[in-house]
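Chemist: Pasting in a structure now, in C-alpha cells, and then I'll have a few things to ask.
The values are calculated or read from the model by the stated rules, or taken from the named source; none is laboratory data. On a predicted model such as this, the values are computed, not experimentally measured, just so you know. Cβ atoms come from the backbone with ideal geometry, glycine included; neighbour counts cover every protein chain shown. Side chains are part of the model used for accessible areas, which takes the heavy atoms of the whole protein and leaves out ligands, DNA and RNA. Shrake-Rupley method; radii C 1.70, N 1.55, O 1.52, S 1.80 Å.
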Amino acid sequence: MSAIGSSHNTECMWGETMSKELLRMEHIVKTFPGVKALSDAAITVHAGEVVGFMGENGAGKSTLMNVLGGVFPADSGDIYIEGQKVEIHSIHDSQALGVAFIHQELALEPYLTIAENIFLGREMKNSMGMISKDKMAEAAKPFLERVGLHVDPNEFVGRLSLGQQQMVEIAKSFSLDAKILILDEPTSSLSEKEVNILFQTVNDLRKQGMGIIFITHKMAEVFQLCDSVTIMRDGEFMGSLKSGECTESQLIALMVGRDLGNYYVRTFNEPGAVVLEAKHIHAGKRAVDCSFRVRSGEILGFYGLVGSGRSELMKAIMGLDPMDSGKVYLDGEEVKKANPMYMQEKGVALVPESRKTEGLLLNNTIAFNITLPILSRFINHLSVNTSMEDKIVEDGAKALHVKAASNRVNCSTLSGGNQQKVLLAKWLATNPKVLILDEPTRGIDVGAKAEIYTIINDLAKSGLAVILISSEMPEVMNMSDRMMIMSEGRITGELKHEDYTQELILKYAMGVEE
Amino acid sequence: MMNNNRIMRPVREYFKQNWGILLALFGMCLVFTIFGNNFLTQTNIVNLLRTCATNCYLAIGVQLAIILAGIDLTGGALAALSGVICVMTFENAGLPMWAGIVAGILIGLIVGFINGAVVTYTEIHPFVVTLAMQSICRGTAYLLANGSPVTTTNRSFSSFGTGMLGPIPLPVVYMTIFLIFDFFLLNKTRTGRHIYAVGGNETAARFSGININKIKILVWTISGAMAGFCGVVLAARMSSGQPATGEGYETDAIAAAVLGGTSFFGGTGTVGGLIIGVLIIGVISNGLNLMHVNSYWQFVLKGIIIIVAVYADRMKQKRQNAAK
C-alpha cells in the first residue's frame with residue numbers, strides 16, 4: 001500500500017484481543033425536520049479493534065457518531081456497551097459510558113496549558129483551595145506518555161501543532177476513562193509526518209484494548225490502519241468487511257452503490273505553449289527561489305507535505321500575499337503588478353483550498369457566489385441585466401452538475417461536493433487561461449471526487465493550463481502530466497508522469513538530500 | 001405575466017421577509033391611535049416623518065457599516081461637529097451660506113474617510129475606532145464653538161431644514177432621495193454586491209478579486225458624509241450649530257438598522273427593512289410623547305428593543321445553522 005507505518009499484524013489481533021465486544025449500535029433511526037438522516041444504522045466495535053468508518057458525505061456517519069457522542073438522541077434503535085443496553089441522552093451520559101469523540105475541529109483552549117486543557121472543568125486544587133498547576137501538570141504526564149506526546153504539560157496549547165493538539169485531545173479522553181474513541185477525519189489537516197505519529201498512537205491504543213472508530217475518506221488509511229471497515233450509505237448500514245480481505249473497489253461499490261472502477265479520469269494530450277511561467281519567486285520563508293512553468297492543455301501537479309508552501313507560492317503569484325522578488329510571465333509577457341483583480345483579468349484563476357473561509361460566502365446564494373468575480377458583465381450604470389445574470393449562473397451550475405433546488409438557495413445548504421462545484425463554476429465563469437486548483441477534492445465524497453476529476457480532465461483537454469495542488473499523492477500521480485514537489489518552501493523535485501514512484505515523490509517531499 | 005412576476009415577486013418577498021416587524025409597526029400605530037391624542041393627524045404624521053428623517057440619514061450609514069460586519073458610533077457627535085462648522089463657516093468666516101452647507105457635509109466626509117482608513121489599515125476594531133472618533137468629534141465641536149451654540153439668523157439657511165415641498169417637509173424629501181440612492185447602491189451596482197460580499201466573508205471576497213480596502217473606506221466615508229448632512233439639517237432646523245446636539249443619535253440609528261433585519265454577523269441587510277426600522281423608532285418616540293410618557297422611558301425602551309432585535313437575529317442564525 002504505502003511505505004509508511006503499518007506494522008501491526010491483523011491476523012493476530014483478530015485472534016487474541018478481539019473477543020470482547022465494546023459497542024454495538026443497531027437499527028438506529030434519526031429524523032430531522034424533512035430529512036431522514038438515519039434509517040437503519042449500525043456499527044460494532046470490539047476491544048482492540050480499529051474500525052474504519054466510511055461513506056459518502058451525507059451518508060450519516062456524523063449523525064450516528066453524534067448519537068453515540070450524546071449530541072442528540074436517536075428516535076429509535078438499540079445501543080449496547082459491553083453487552084449492556086444503554087440510553088444516551090447527553091454528552092455527559094456518553095462520556096460516563098466511556099465514549100470520547102475527537103471532532104475534526106479541535107475544541108481546545110489555546111491560551112490554557114496542556115494540563116489545564118486536560119483537566120478543564122475538573123481543576124485540581126492545593127491545600128489553600130487554589131488551582132494547582134503543578135498537581136495538574138504531574139497528573140497529565142502519564143496521559144501524555146500514553147499518546148507519545150513528549151511536551152511540557154505547562155506549554156500553551158496554542159503553541160502546539162495541529163497534530164500535537166489532537167494528541168492532547170486524546171490524552172484528555174484518557175483522563176475521562178474512555179474505552180471507545182471516535183476520531184473524525186483526524187488526518188485531514190495533518191502533515192504526513194504527523195499522520196505517522198497519529199497512526200503509531202492508534203496502534204498503541206489498540207494494543208491497550210481500546211476500541212477505535214476511525215472516520216475517514218482516505219482508502220490508504222483504511223488498509224494501513226484499520227482492522228475492519230464499516231460502510232454506510234443513505235443512513236443505512238451497508239456492511240462490515242475485514243480490511244485484509246477486501247479491495248478498494250469493493251468498498252467504493254458499497255459506498256456509492258455502483259462500481260466506479262478507476263475513479264481518476266485522465267486522458268493525456270499533447271500540451272501546447274507555455275502560458276504561465278514563474279521565475280525565482282521569493283516570499284519570505286513560505287516560498288524560496290521557486291521556478292516553474294505550465295503549458296496549455298497540461299495538468300501540472302504540486303505535491304508536498306502540509307505546510308510545504310504550495311498554497312503560499314500560488315498566493316504570492318496571485319498577489320494575495322506579498323512577494324519579495326521574482327518574475328511572473330503570462331504568454332511570455334511579464335506581469336508588472338500582481339494583484340488578484342489584475343491576475344483575474346489576465347486570465348489566471350485560483351480556486352482556493354478552503355471552501356468555507358476563502359472560497360464561498362456560505363450565507364449567500366449560489367448565484368451570488370458564481371457571479372461575484374464577474375459582476376461587470378451584467379451590472380452597468382445602475383442596471384442589472386438579470387436575464388444575463390441568470391444565464392451565466394444557469395450555464396455555470398449546469399456544466400458542473402451542481403445539485404440544488406435552485407440557484408437561489410444559500411451555499412450553506414449544499415453538500416461539500418456541491419459547494420466545491422459552485423466554487424469551480426465561480427472561477428470558470430471568469431474564462432481563465434490558467435486555473436490553479438488548491439486541494440479541489442478535500443473533504444468531499446468519492447462520487448463527487450470522480451465528477452471533479454472528470455471536470456478537471458475536460459478542462460485540460462479544452463486547452464486550459466491547470467495547476468493541481470493536492471496533499472493526496474494518488475490524486476496528483478493519477479491526474480498530472482508533470483509534478484513539482486515542494487518541501488519547506490523550496491521546489492525539491494520535478495518529475496514526468498512516466499517517472500512517478502511513491503518512494504521518489506515522498507523522498508523529494510521530505511527534502512531528503514541525495 | 002412577466003410584468004406581474006417582476007413586480008409581485010419582490011413585493012411578496014418583502015412581506016415574507018419583514019412581516020414580523022411590519023406587524024409590530026402596525027400594532028404600535030394602532031395602540032397610539034387608540035390611546036394617544038391626535039396620532040393619526042396630518043400634522044402629527046408630518047412631525048413623525050421629520051424626526052424619522054434625521055435618524056434615517058445616520059441609519060443609512062450605520063447600516064452599511066453593520067453590513068460590513070462593522071459599526072459606526074461617530075454619527076451623533078459628528079453631526080454636532082458638522083453643524084457647528086457649517087454655521088461658523090458663514091457666520092464667523094464670512095463665506096456664503098452654501099459654503100457652510102458644503103463645509104458641514106465635507107467635514108463628515110473627511111471624518112468618515114479617516115474612520116475607514118484607520119479601520120482598514122490598522123485593523124483596529126471599528127467599534128474602538130469610531131467610539132474614539134466620537135469623542136474626538138464631540139470635543140472638537142465644543143472647542144470650536146467655545147462651549148456654547150453658534151447661532152445664526154440666516155433665513156434661507158433655516159429654510160434648508162424647515163422648508164416644505166408642498167405638504168412634505170424638506171428633510172423628508174432629502175430622506176427619500178437618500179433612500180433611493182441607498183437602494184440603487186445596494187441592489188443595482190457592483191459596489192453594492194461587493195459590500196455584501198466583504199461583510200459576508202472578507203477572505204472569500206479578497207480571493208474573488210474585490211478591492212476590500214476601497215469598499216471599507218467607501219462605506220465609512222458614506223456614513224460620515226450622511227452624519228455631516230444630518231448635522232447641517234439639524235443646525236438649519238435649530239438656526240444654530242449646537243455642540244451638544246445629537247447625543248445618543250447613533251443608538252437610534254443602530255436600533256433602526258437591527259430592527260430592519262440587519263445582522264451584526266455582516267453580509268445581510270436591506271433598505272426595505274431599514275425603512276421599517278426607522279419608522280418604528282420614530283413611532284415609538286412620537287407615540288410615547290403623545291401619551292405623555294416621561295421621555296426618559298424612551299431610552300429604556302430603545303435599549304430593550306435593540307437587545308430583543310439582535311436576539312431575534314441570533315435565533316434566526318441558529319435556526320439556519322441547524323437546518324444545515
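Chemist: Mind checking which residues of the range A:372-382 are more than 8 Å from chain B (Cβ to nearest Cβ), within 15 Å of B:G192 (Cβ to Cβ) and not in a strand (DSSP E or B)?
Modeler: Taking the range A:372-382 first, the residues more than 8 Å from chain B (Cβ to nearest Cβ) are A:374, A:377-378, A:380-381.
Cutting the leftovers down to within 15 Å of B:G192 (Cβ to Cβ) gives us A:378, A:380-381.
Correct list: A:F378, A:H381.
Chemist: Can you find a residue that is open to solvent by 10 Å² or more (accessible area, probe 1.4 Å), modelled with pLDDT of 90 or more and touching a helix residue (DSSP H, G or I) at 6+ places or on another chain (Cβ under 6 Å) anywhere in the range A:456-475?
Modeler: Scanning the range A:456-475 turns up no residue that is open to solvent by 10 Å² or more (accessible area, probe 1.4 Å), modelled with pLDDT of 90 or more and touching a helix residue (DSSP H, G or I) at 6+ places or on another chain (Cβ under 6 Å).
Chemist: Right, next: Looking at A:K356, A:K391, A:K421, A:K336, which is the one that is farther than 23 Å from B:T268 by Cβ, among the charged types (D, E, K, R), assigned to a helix (DSSP H, G or I) and without any contact (Cβ under 8 Å) to a residue 12 or more places away in the chain? Please lay out each step first, then the result.
Modeler: Details: A:K356 fails: farther than 23 Å from B:T268 by Cβ; A:K421 fails: without any contact (Cβ under 8 Å) to a residue 12 or more places away in the chain; A:K336 fails: assigned to a helix (DSSP H, G or I).
That would be A:K391, the only listed residue that is farther than 23 Å from B:T268 by Cβ, among the charged types (D, E, K, R), assigned to a helix (DSSP H, G or I) and without any contact (Cβ under 8 Å) to a residue 12 or more places away in the chain.
Chemist: Of everything in the range A:401-434, what is more than 20 Å from A:G347 (Cα to Cα), open to solvent by 10 Å² or more (accessible area, probe 1.4 Å) and more than 12 Å from chain B (Cβ to nearest Cβ)? Give them in sequence order.
Modeler: Selection gives A:H401, A:V402, A:K403, A:A404, A:A405, A:S406, A:N407, A:N418.
Chemist: When you go through A:E155, A:E138, A:E145, A:E169 one by one, which is the residue that is closer than 30 Å to A:T63 by Cβ and charged (D, E, K, R)? Break it down stepwise before answering.
Modeler: On the way: A:E155 fails: closer than 30 Å to A:T63 by Cβ; A:E138 fails: closer than 30 Å to A:T63 by Cβ; A:E145 fails: closer than 30 Å to A:T63 by Cβ.
Only one candidate qualifies: A:E169.
Let's see how each residue does on (1) more than 14 Å from every other protein chain (Cβ to nearest Cβ); (2) more than 12 Å from the chain's Cα centre (by Cα); (3) among the charged types (D, E, K, R):
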| position | (1), (2), (3) |
| --- | --- |
| B:I168 | yes, yes, no |
| B:L179 | yes, no, no |
| B:I215 | no, yes, no |
| B:A235 | yes, yes, no |
| B:T251 | yes, no, no |
| B:A256 | yes, no, no |
| B:G266 | no, yes, no |
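Chemist: Suppose we keep only residues that are more than 8 Å from chain B (Cβ to nearest Cβ) and of a type outside the set (A, V, I, L, M, F, W, C) within the range A:355-370. Which one would you say is least open to solvent (accessible area, probe 1.4 Å)?
Modeler: Taking the range A:355-370 first, the residues more than 8 Å from chain B (Cβ to nearest Cβ) are A:355-356, A:365-367, A:369-370.
The next check asks that each one be of a type outside the set (A, V, I, L, M, F, W, C); those that pass are A:355-356, A:365, A:369.
Values: A:R355: 36, A:K356: 130, A:T365: 31, A:N369: 0 Å².
Selected residue: A:N369.
Chemist: Ok, one more. Tell me which residues, restricted to the range A:144-160, are open to solvent by 40 Å² or more (accessible area, probe 1.4 Å), within 21 Å of A:E105 (Cα to Cα) and not in a loop (DSSP other than H, G, I, E, B).
Modeler: Answer for the range A:144-160, where residues must be open to solvent by 40 Å² or more (accessible area, probe 1.4 Å), within 21 Å of A:E105 (Cα to Cα) and not in a loop (DSSP other than H, G, I, E, B): A:F156, A:G158, A:R159.
Chemist: Working only within the range A:339-349, note down all residues that are in contact (Cβ under 8 Å) with a residue 12 or more places away in the chain, within 14 Å of A:W427 (Cα to Cα), more than 7 Å from chain B (Cβ to nearest Cβ) and open to solvent by 10 Å² or more (accessible area, probe 1.4 Å).
Modeler: Residues of the range A:339-349 in contact (Cβ under 8 Å) with a residue 12 or more places away in the chain: A:339-340, A:342-344, A:346-349.
From the residues that got through so far, the ones that are within 14 Å of A:W427 (Cα to Cα) too are A:340, A:343-344, A:346-349.
Still in the running and more than 7 Å from chain B (Cβ to nearest Cβ): A:343, A:346-349.
The answer is A:K346, and nothing else.
A quick yes/no check of all residues on (1) more than 23 Å from the chain's Cα centre (by Cα); (2) outside the structural domain of A:G301 (by TED's automatic domain parsing); (3) within 30 Å of A:F368 (Cβ to Cβ):
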| residue | (1), (2), (3) |
| --- | --- |
| A:I436 | no, yes, yes |
| A:G447 | no, yes, yes |
| A:E451 | no, yes, yes |
| A:L459 | yes, yes, yes |
| A:L495 | yes, no, no |
| A:Q502 | no, no, no |
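Chemist: A follow-up question, please. Any residue in the range A:117-137 that is at positive phi sitting within a Cβ distance under 6 Å of a residue that is loosely packed, with under 14 Cβ neighbours inside 10 Å and at pLDDT below 85? List the pairs, counting only those 6 or more apart or interchain.
Modeler: No pair meets every condition.
Chemist: On the basis of being buried (at least 20 other Cβ atoms within 10 Å of the Cβ) and either within 11 Å of chain B (Cβ to nearest Cβ) or farther than 22 Å from A:I456 by Cβ (or both), does A:P322 make the cut?
Modeler: When the stated conditions are applied, A:P322 does not pass them.
Chemist: Somewhere in the range B:167-180, is a residue part of a loop (DSSP other than H, G, I, E, B), among the hydroxyl-bearing types (S, T, Y) and either closer than 14 Å to B:A235 by Cα or touching a strand residue (DSSP E or B) at 6+ places or on another chain (Cβ under 9 Å) (or both)?
Modeler: No - not one qualifying residue is present in the range B:167-180.
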